[in-house]
Structures are given as C-alpha cells and as structure tokens.
Amino acid sequence: MPSQPPVAGLLSRDRRIIASCIFLVVALAWAYLLLLDHQMASSTAPETMMSKMEMTIGGRWGARDFFFTFAMWAVMMVGMMMGTAAPVLLLFTEMQTRRSEGAVPSAGMLFGPGYIIVWVGLSTVAALAQWGLHEGVWLSSNMSVTSSRLAGAILIAAGVYQLTPAKGACLRQCQSPLGFLLSNWRDGSRGALQMGIRHGAYCLGCCWALMSVLFVVGVMNIAWVAALTVFILAEKFGGAGPLVARAGGLVMIGVGVLFLTR
C-alpha cells in the first residue's frame, strides 16, 4: 500500500494534538469549577479560594477578593467557550499546515491565546460588575442579584439582544469557521493572534448577554453554567442555531416580565 503523504500525516497528527489540548483545557476548567462548587457547598476549608470569597460577603472587598473573583470568571469562561471554538481552531491548524507545506508554523499556536484574551477581558468586566453589585448590597450569598426588578431587567435585556441583527451577525460568524477564516485571514504570528482576537470578539458578541444571566441564576450555580454551555453549543452547531437563539430570547423576555410583576 502507498505510504501516507507527509502533509496528510501531519494534518492528522496536528488535529489530534489540538483536539486533545482543547479537551484537556476544558476538562481542567470544569474540574476546577466543580471543586469550587463543592467548597462553596461544604465551606469546610478555611483557606480555599471560595471560602475566602464567602468571608467577604458581608464586608467590603479588597484587591485579593477581586483577583479571586476574576480568576473564577476566567476559568468559567474558558470552560464554557473553548469547546465551542474547537471547529475553528482545528480548521485553522489544518489550513496553516497546508499553507506551510507540511511544516508546523509557530503562528498556529497563537490563534487560541488570541481567542482566550477576549474572554479574559470579559472576565475582568464581569468581576468588576460583581464587585459593584456586592458593594451596593445587590448580591446574595449565592452570588445572584437580590432585586427581582433588577433580575427581570437583566433577563429582558439579554432576551431582546438575542433577537437583534447584531446577535445574528455574530452567530453567523461563529457558525461558519471556514467563512470566517477565508474572509479574515492574516499571515504570520501577529496575523494569527489578530484572527484569534477577532473570532473571540464575534463569539463575545454572540454570547455576552447570555453570560449576564448568571447574575440572575447564581454566578457559581454549576447546573446553570452547564445549561448555558449546552445552549451556546446548540446555537453555534447545527442549522437551527438562529431559531434556538430567538426561542431562548423570547423565553428570557417572558421570564423577565414575570420577575418584574412579582
């Protein structure tokens, strides 16, 4: 039998490596979130990150409290979003390898970090928002907003965004990895980083409103974190994504109205 062409062999190997790395990163993130959830439920380890956060529920935050909160959000964003980026990461690696005729360019390693940079940025914003809610005594011990009106407003705003053209445009970019890469291709290491950031920005535009719902259901409510992750996957993969997004938006608006009428 003829031997496998070198480039084809590299493509197969690189896809396995990238897929394994994505799986490992996502698995570690979820393991960490489950550990934090367990520590929050038991509250038996006084030196853990989560118990330190809980000790500040009734008091003012300092820089360390903000750092712990930011780290929690960053890990959560990676756990929720890296799996949804797998198709574009795998396709980007394949295209890089083909363009370099079998060599594995270092530029291929920068797309993923560029994508993560965007979600680290959102984690900073989310941690600041949580800090503000804490200082204003708007946040309960399970890290959900205490005001039904505020909860309703968040849900309605998130639901309305689900129905907007901006949401639809960002979702289309996320649903078409090949289309995104062909229309946004940049050569070199800097280009790979820029492409990762750009794709992360589209992904952020698609999902930021959904992340705000965590302030309603509980930031560290692991069941709801998992449910939102599944919802995002349903939006991005399959032809029914736009329908799923609109249906979810209508449900959020309806539930938000119920909160406002309490």
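Here, each number is a calculation from the coordinates, and none is a lab measurement. The structure presented is a predicted model; accordingly, all values stated were derived computationally and were not measured. Every residue, glycine among them, receives a Cβ derived from its backbone with ideal geometry; neighbour counts consider all protein chains shown.
Of the residues 139, 178, 200, the one whose Cα sits farthest towards the positive end of the charge dipole of the chain is 178 (charges of +1 on Lys and Arg Cβ, -1 on Asp and Glu Cβ, taken about the Cα centre). Gain on full extension, evaluated as 0.36 nm per residue between residue 117 and residue 138 minus their Cα-Cα distance, stands at 4.7 nm. The stretch between residue 150 and residue 64, if pulled fully straight at 0.36 nm per residue, gains 28.2 nm over its current Cα-Cα span.
For a Förster distance of 22 Å, can you work out the FRET efficiency between the beta-carbons of residue 164 and residue 247, rounded to the nearest 0.05? Walk me through the numbers before you get to the answer.
On the way: r = 15 Å, r/R0 = 0.67.
According to the calculation, E is roughly 0.90.
About its Cα centre, the chain has a charge dipole of approximately 500 debye under the convention of +1 per Lys or Arg Cβ and -1 per Asp or Glu Cβ, with nothing else charged. Annotation: amide H-H contacts under 5 Å for residue 185 (H modelled 1.01 Å from N, sequence separation of 5 or more, or interchain): none. Compared with the dominant Cα axis of the chain, that is its longest principal axis, helix 222-236 is turned about 40°. Under 5 Å between amide hydrogens, built in the peptide plane, is the criterion, and for residue 139 it picks out 146 among residues at least 5 positions away or on other chains. Rounded to the nearest 10 degrees, the inclination of helix 188-212 to the longest alpha-carbon principal axis of the chain is 30 degrees. Against the main long axis of the alpha-carbon atoms of the chain, helix 165-175 sits at an angle near 50°.
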